[in-house]
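The values are calculated or read from the model by the stated rules, or taken from the named source; none is laboratory data. Predicted model only: the values in this text are computed from it and were never measured. We place every Cβ from the backbone using ideal geometry, glycine too, and count neighbours over all the protein chains shown.
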Amino acid sequence: RKEVEQDPGPFNVPEGATVAFNCTYSNSASQSFFWYRQDCRKEPKLLMSVYSSGNEDGRFTAQLNRASQYISLLIRDSKLSDSATYLCVVNTYGQNFVFGPGTRLSVLP
Amino acid sequence: EADIYQTPRYLVIGTGKKITLECSQTMGHDKMYWYQQDPGMELHLIHYSYGVNSTEKGDLSSESTVSRIRTEHFPLTLESARPSHTSQYLCASSEDWAQYFGPGTRLTVL
């Protein structure tokens, strides 16, 4: 079993839709959690950190459930420019970052 | 925007050549990483460093080598390039928080 798993995708949604991505991690000692966005043939870019209390940045909401070892990302009112691959990333102190395989999103006009 | 740079951005080279991919960051981060990624595929960690004179191999076996003589600089070297080395190479750095990536080097070995 992979240390970080994500919805396999791809997700094809119409503009304006709400889409949710799920991620699970296996290391209960993990301490830091992030969502990255990667456009085709570009480098991953930090989208947002995920805090225990949940956090929101505009149309994006991230949630963390430590008991279930589960992270989510919700995108509301999706735009064409949201089309990308979304990577779930987990970090444990003293260890390296672990990237999930990514979930590809295509927002259609 | 992260201050991490990679050169060259694109490289097409013949089999057997020695190449060095450059990576530098101006954020003073101790930790630096090299990843390899094929189109549409996952990132694979090939090397990392937690500070000057510290280098370790990552999860994916690689014929490349790295050095860390200065905090800001983490070059990757392939002694003899082969077509199987064709891929995108991404450098990243971090402190005790998120990683920041450079723009990558797209390597093609003919």
Neighbours by Cβ (under 8 Å, 6+ apart or cross-chain): first from segment A:41-53, more than 7 Å from chain B (Cβ to nearest Cβ) and farther than 15 Å from A:R66 by Cα; second outside any loop (DSSP other than H, G, I, E, B) and small (G, A, S): A:M48/A:A62
Given (1) within 28 Å of A:T103 (Cα to Cα); (2) at pLDDT 95 or above, index of the condition B:L60 fails: (2)
Subset of segment B:76-87 [surrounded by fewer than 19 Cβ atoms within 10 Å (Cβ to Cβ) and within 15 Å of the chain's Cα centre (by Cα)]: B:T77, B:E79, B:T86
Which numbered condition B:I13 misses (of (1) of a type in the set (A, V, I, L, M, F, W, C); (2) away from chain A (no Cβ under 11 Å); (3) crowded, with 19+ Cβ neighbours inside 10 Å): (3)
Qualifying position, being over 13 Å from the mean Cα position of the chain (by Cα), within 13 Å of chain A (Cβ to nearest Cβ) and surrounded by fewer than 19 Cβ atoms within 10 Å (Cβ to Cβ), among B:E42, B:E56: B:E42
Failed condition for A:D7, given (1) more than 11 Å from every other protein chain (Cβ to nearest Cβ); (2) more than 12 Å from the chain's Cα centre (by Cα): (2)
Qualifying residue in segment B:62-84 (condition: touching a residue at least 12 places away in the same chain (Cβ under 8 Å) and within 14 Å of chain A (Cβ to nearest Cβ)): no
Tally of residues being under 18 Å from B:G102 (Cβ atoms) and surrounded by fewer than 17 Cβ atoms within 10 Å (Cβ to Cβ) across segment A:28-45: 5
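For (1) at pLDDT below 95; (2) farther than 17 Å from A:R41 by Cβ; (3) of a type outside the set (A, V, I, L, M, F, W, C), each residue gets a yes or a no:
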{"residue": "B:S24", "(1), (2), (3)": "no, yes, yes"}
{"residue": "B:P39", "(1), (2), (3)": "yes, no, yes"}
{"residue": "B:H47", "(1), (2), (3)": "no, yes, yes"}
{"residue": "B:T55", "(1), (2), (3)": "no, yes, yes"}
{"residue": "B:R68", "(1), (2), (3)": "no, yes, yes"}
{"residue": "B:Q88", "(1), (2), (3)": "no, no, yes"}
{"residue": "B:L107", "(1), (2), (3)": "no, no, no"}
Conditions (1) in contact with a His (Cβ under 7 Å, 6 or more places away or on another chain); (2) part of a strand (DSSP E or B); (3) in contact (Cβ under 8 Å) with a residue 24 or more places away in the chain; number of the one not met by B:T55: (3)
Pick from segment B:93-106, criterion more than 8 Å from chain A (Cβ to nearest Cβ) and buried (at least 17 other Cβ atoms within 10 Å of the Cβ), ranking: farthest from B:D3 (Cα to Cα): B:T105
A:W35, sole failed condition from (1) at negative phi; (2) free of Cβ contacts under 8 Å to residues at least 12 places away in the same chain: (2)
